[in-house]
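Inspection log for the structure reproduced underneath, given as structure tokens.
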Amino acid sequence: MKKITPGELKIFIPYVNNLTGIVLDQTKAYLVESRLGPLLDILDCENYSQLYTKARNDLSKRVEKNIIDAITTNETYFFRDKNPFDLLKFKIIPDHIDQMKLTPGMRPSLSIWSAACSTGQEVYSIAMVLREIIPDISKWNISLIGTDISDAAVAQASIGRYSKVEVERGMNASQIQKYFTPEGNQWKVRDELRAMAQFRKGNLLKPLLGLPKFDIVLARNVAIYFSMDNRKVMYSQLADQLKPGGSLMIGASESLMGLTDRFQQMNYMSSTFYALK
């Protein structure tokens, strides 16, 4: 793997931050090398300086998109960390259902946003939870949207096709058989599950155009890569996208302390979530 020089890293630190909000420093040379190194061969660049120059001079923005896809973290799997999905299943979603005020003939509705959905596993995990706890789900208006800054991640999420290793991370054989169909050496999300979700590109640090208000927002393990100022921007935008009384779920190691006063911390069993004030 080609080594990045201190001077090249100094160039990429503000460039990556401007593109994605991710904060790098001089200790992150290994991360840049491991994620952007393969692009040197793919794009025929001798070093990272050439990669940067090629990206800045590419009017089509194709190289820039390749850099965003490579540098953003796409580590995810179905039902990742388990507790958040138990929280959705046994607390947050039932509470929202209980609080609904429906007039005769009105279809119940529920809207959920995975704000950094990566390759879609979180969104499809939520869809499975919804189908488990809402037996007459065909009578509901369900809005389940996933956004991510990476074009490649959004493309895979939209297709809903995963490798054997990917589907076996977090799911048992019964779930795989119920919600996926085999396609060669891969597994494809079944049509009834895929139809529940929408995916689109979105940068959480820029205006979120065209998104509706949501009952529930998940933004897990996103802010840990941002500066304090960018965290404040992101949480302010997430609060703006929630309906009154809406719920926000973040990572177990994350906190809203000192970042926003628009949420009230809520605890359930060993889990924490936040309610919009």
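Against the numbered list (1) closer than 24 Å to Y274 by Cβ; (2) within 12 Å of the chain's Cα centre (by Cα), N83 comes up short only at (2). Listed here are the helices (runs of 4 or more DSSP H) enclosed by the stretch 12-79 that have at least 2 residues being over 23 Å from the mean Cα position of the chain (by Cα): 29-42, 48-57.
Determine if the stretch 216-228 includes at least one residue that is within 17 Å of the chain's Cα centre (by Cα), within 29 Å of P108 (Cβ to Cβ) and among the basic types (K, R). Walk me through it before giving the result.
At the first step, the residues of the stretch 216-228 found to be within 17 Å of the chain's Cα centre (by Cα) are 216-226.
Pick out the ones that are also within 29 Å of P108 (Cβ to Cβ) and you get 216-220.
Applying the additional criterion that residues be among the basic types (K, R) yields 220.
Checked the stretch 216-228: at least one residue is within 17 Å of the chain's Cα centre (by Cα), within 29 Å of P108 (Cβ to Cβ) and among the basic types (K, R).
Residue-level analysis places P94 outside the set of residues that are over 23 Å from R161 (Cβ atoms) and out of contact with any helix residue (DSSP H, G or I) (no Cβ under 9 Å at 6 or more places or on another chain).
Looking at I176, I216, can you tell me which residue is part of a helix (DSSP H, G or I) and under 17 Å from S125 (Cα atoms)?
Numbers: I216 fails: part of a helix (DSSP H, G or I).
On inspection, the qualifying residue turns out to be I176.
Of the residues A219, A173, only one is among the hydrophobic types (A, V, I, L, M, F, W, C), touching a residue at least 60 places away in the same chain (Cβ under 8 Å) and not assigned by TED's automatic domain parsing to the domain that holds N17; which?
On the way: A173 fails: touching a residue at least 60 places away in the same chain (Cβ under 8 Å).
On inspection, the qualifying residue turns out to be A219.
Applying a threshold of 8 Å to beta carbon distances and a minimum spacing of six or more residues, or different chains, the list of pairs starting in the stretch 96-113 at a residue that is assigned by TED's automatic domain parsing to the domain that holds L248 and ending at one that is among the small types (G, A, S) and surrounded by 14 or more Cβ atoms within 10 Å (Cβ to Cβ) reads H96/S247; S109/S143; L110/S143; S111/S143; I112/S143; W113/G146. Among the conditions (1) surrounded by fewer than 20 Cβ atoms within 10 Å (Cβ to Cβ); (2) at positive phi, the only one that G160 does not satisfy is (1).
Of everything in the stretch 163-204 that's aliphatic (A, V, I, L, M) and surrounded by fewer than 16 Cβ atoms within 10 Å (Cβ to Cβ), which residue is farthest from C117 (Cα to Cα)?
Checking each candidate, the answer is A173.
So is L88 aliphatic (A, V, I, L, M), in the same structural domain as K164 (by TED's automatic domain parsing) and at pLDDT 95 or above or not? In short, yes.
The values are calculated or read from the model by the stated rules, or taken from the named source; none is laboratory data. Everything numeric here is computed off the predicted structure, so don't read it as measured data. Here the Cβ is made from the backbone with ideal geometry for all residues, glycine too, and neighbour counts use every protein chain on show.
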